[in-house]
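What follows is a short report on a single structure.
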Amino acid sequence: MKKINYSEVTPEKIYNNRRFFIKSLGLGVSSIAMTALPLINNANSNEDNELTSYKDITTYNNYYEFGTAKGDPYKYAQNFKTNPWNITIDGEVEKPIQISIEEILETFVSEERIQRLRCVEGWSMVIPWMGFSLSQLLSKVTLTSKAKFVEFESVYDPEQMRGQKYPVLQWPYREGLRIDEAMHPLTTVVTGLYGKKLPNQNGAPLRIFIPWKYGFKSAKAIVKIKLVEKMPTSSWMRASPREYGFYSNVNPDVDHPRWSQATERIIGNDIFAPRVKTLMFNGYGDDVASLYTGMDLKKYF
Ligand SMILES: Nc1nc2c(c(=O)[nH]1)N[C@H]1C(S)=C(S)[C@@H](COP(=O)(O)O)O[C@H]1N2
Ligand SMILES: [Mo]
């Protein structure tokens, strides 16, 4: 399959002419229908599944390494250096590896993956990522029988990341998944957005995205993926274990201790537009509910 050449494809071109985009990916219409489109179709029965604008996706961000205000990442991440960039995969693997971002972009074919983001703060977006399944990247290593969880580590670079000078979270930012969650095809390694290179404020050069979990699980600017035996403690669990559990599946029936999770505000809508109902697993229940069969999701929040 032909790789997408980001420099040739502007978001305007793609979304003015979807057929062009499909061609540019070198994918037939049928394979697009098989992959990208159902992600959004399954995702939600809310009528409102319109793509969030490029502007909103790239100027309304959470990325505490660059500050806690929504506009800070756009303002302060512009000159962040993303090359050279290496990702280490180690821990419970036969042989640890280091892989550069160039090699990742050459080896794995990124496809359009339209996925919903539901932030734990109560807002949501629909984002046309470019990416591929994390399971493909993990197939580069052989897991040992003790590899039960995956821990993600974002970059630590306080010289470039002004927010890391403040102890709002324990740095580096850490997140984790159970191994079956990490291997699920919807768990995405994100390399781009709207057919373009991933902007720094969205986690360049590489971030994870887990569409059925609250946004904070989807760590940005990943430098390390560690296979571990015990459930890792994420930065948010460490900061406030009562409020942030390990699973953090989107769940309208389990409120955050300080606010309801039953509804959400769609970013880009008029500020007076009504909030919409949040769906279990962010609308991805058909795909992921079986991962949690028999688990009390009030206890394992
Ligand atoms: N390293 C890192 N990753 C992070 C965050 C962060 O502060 N640092 N914020 C998280 C939160 S709370 C959300 S909602 C999403 C936001 O992603 P976006 O800005 O690309 O929409 O990124 C997540 N990943
Ligand atoms: Mo979030």
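The values are calculated or read from the model by the stated rules, or taken from the named source; none is laboratory data. Values in this document were obtained by computation on a predicted structure and should not be read as measured data. Counting neighbours? That spans all protein chains shown, and the Cβs are built from the backbone with ideal geometry, glycine included.
Which residues, taken from region 255-274, are out of contact with any Pro (no Cβ under 6 Å at 6 or more places or on another chain) and either surrounded by 15 or more Cβ atoms within 10 Å (Cβ to Cβ) or under 13 Å from Lys213 (Cα atoms) (or both)? Please lay out each step first, then the result.
So in region 255-274, the residues out of contact with any Pro (no Cβ under 6 Å at 6 or more places or on another chain) come out as 255-260, 263-274.
Result: His256, Glu264, Arg265, Ile266, Ile267, Gly268, Asn269.
Here is a yes/no grid of residues against (1) under 26 Å from Met231 (Cα atoms); (2) among the β-branched types (Val, Ile, Thr); (3) out of contact with any Phe, Trp or Tyr (no Cβ under 6 Å at 6 or more places or on another chain):
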{"position": "Pro257", "(1), (2), (3)": "yes, no, yes"}
{"position": "Gln261", "(1), (2), (3)": "yes, no, yes"}
{"position": "Ile266", "(1), (2), (3)": "no, yes, yes"}
{"position": "Asn269", "(1), (2), (3)": "no, no, yes"}
{"position": "Phe272", "(1), (2), (3)": "no, no, yes"}
{"position": "Val276", "(1), (2), (3)": "no, yes, yes"}
{"position": "Phe281", "(1), (2), (3)": "yes, no, no"}
{"position": "Gly294", "(1), (2), (3)": "yes, no, yes"}
{"position": "Leu297", "(1), (2), (3)": "yes, no, yes"}
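Return the residue satisfying two criteria in turn: it lies in region 50-76 and is over 18 Å from the mean Cα position of the chain (by Cα) and in a loop (DSSP other than H, G, I, E, B), and of such residues it is farthest from Gly163 (Cα to Cα).
So the residue we want is Glu50.
Any idea which residue in region 102-141 is farthest from ligand 1 (Cβ to nearest atom), counting only those that are buried (at least 21 other Cβ atoms within 10 Å of the Cβ) and among the polar types (S, T, N, Q)?
Once the filter is applied, the top-ranked residue is Ser110.
Any residue in region 163-176 that's acidic (Asp, Glu): show its pairings with residues that are surrounded by 21 or more Cβ atoms within 10 Å (Cβ to Cβ) at Cβ separation under 7 Å, as long as the two are six or more apart or on different chains.
Glu175/Phe152; Glu175/Lys217; Glu175/Ala219; Glu175/Ser234
Scan region 224-253 and report the pairs whose first residue is on the phi > 0 side of the Ramachandran plot and whose second residue is among the aromatic types (Phe, Trp, Tyr), with Cβ atoms within less than 6 Å and a gap of 6+ or a chain change.
Ser248/Tyr214
Are any of the residues in region 254-264 touching an Asp or Glu at 6+ places or on another chain (Cβ under 6 Å) and of a type in the set (Lys, Arg)?
Looking through region 254-264, none of the residues is touching an Asp or Glu at 6+ places or on another chain (Cβ under 6 Å) and of a type in the set (Lys, Arg).
Could you list, in sequence order, the residues of region 58-73 that are near ligand 1 (Cβ under 8 Å from one of its atoms), of a type in the set (Ser, Thr, Tyr) and out of contact with any Pro (no Cβ under 8 Å at 6 or more places or on another chain)?
Tyr60, Tyr64
Within region 259-272, can one find any residue that is in contact with a strand residue (DSSP E or B) (Cβ under 8 Å, 6 or more places away or on another chain) and among the basic types (Lys, Arg)?
Quick first cut of region 259-272, residues in contact with a strand residue (DSSP E or B) (Cβ under 8 Å, 6 or more places away or on another chain) only: 262-268.
From what's left, among the basic types (Lys, Arg): 265.
Within region 259-272, one or more residues are in contact with a strand residue (DSSP E or B) (Cβ under 8 Å, 6 or more places away or on another chain) and among the basic types (Lys, Arg).
Yes/no per residue for (1) surrounded by 15 or more Cβ atoms within 10 Å (Cβ to Cβ); (2) β-branched (Val, Ile, Thr):
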position	(1), (2)
Thr52	yes, yes
Glu65	yes, no
Gln78	no, no
Trp85	yes, no
Ile99	yes, yes
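Which of the residues that make up region 119-151 are part of a loop (DSSP other than H, G, I, E, B), more than 18 Å from Thr191 (Cβ to Cβ), charged (D, E, K, R) and away from ligand 2 (no atom under 16 Å from the Cβ)?
Here is the first cut: in region 119-151, the ones part of a loop (DSSP other than H, G, I, E, B) are 119-122, 139-142, 144-148.
Add one more test, that the residue is more than 18 Å from Thr191 (Cβ to Cβ), and what stays is 119-122, 141-142, 144-148.
Add one more test, that the residue is charged (D, E, K, R), and what stays is 121, 146, 148.
Result: Lys146, Lys148.
Which is touching a helix residue (DSSP H, G or I) at 6+ places or on another chain (Cβ under 7 Å), modelled with pLDDT of 95 or more and under 24 Å from Ser124 (Cα atoms), of Leu177, Leu198, Leu206?
Numbers: Leu177 fails: touching a helix residue (DSSP H, G or I) at 6+ places or on another chain (Cβ under 7 Å); Leu198 fails: touching a helix residue (DSSP H, G or I) at 6+ places or on another chain (Cβ under 7 Å).
Of the residues listed, the single one that is touching a helix residue (DSSP H, G or I) at 6+ places or on another chain (Cβ under 7 Å), modelled with pLDDT of 95 or more and under 24 Å from Ser124 (Cα atoms) is Leu206.
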